[in-house]
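What follows draws every value from the coordinates through simple rules; no lab data is involved. Fair warning: this is a prediction, and the values are worked out from it, not measured in the lab. All Cβ positions, glycine included, derive from the backbone under ideal geometry; neighbour counts span all protein chains shown.
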Amino acid sequence: MWGIVRMRAGVGNRALQWLTILLSAIPTLGGLLLLLLHRLSSVSAEGWFQAMTTVAG
């Protein structure tokens with residue numbers, strides 16, 4: 001959040017702000033990937049479509 005707030009304010013070091021944003025995105029995307037893999041591994045082949053629609057929203 002710090003990087004986004006500072007970037008929108010137009011102050012500070014842009015490279016450091018982007019680095020902060022990218023580093024915070026890594027665990028978020030990793031968590032979403034693990035959630036998706038968990039959902040897919042816990043369903044049968046017939047329930048795959050239902051699991052995908054549940055994860056998608």
Efficiency of FRET between LEU36 and ALA15 - r from beta-carbon atoms, R0 22 angstrom, step 0.05: 0.10
FRET efficiency, 1/(1 + (r/R0)^6) with R0 22 Å, evaluated for THR28 and VAL5 via beta carbons: 0.80
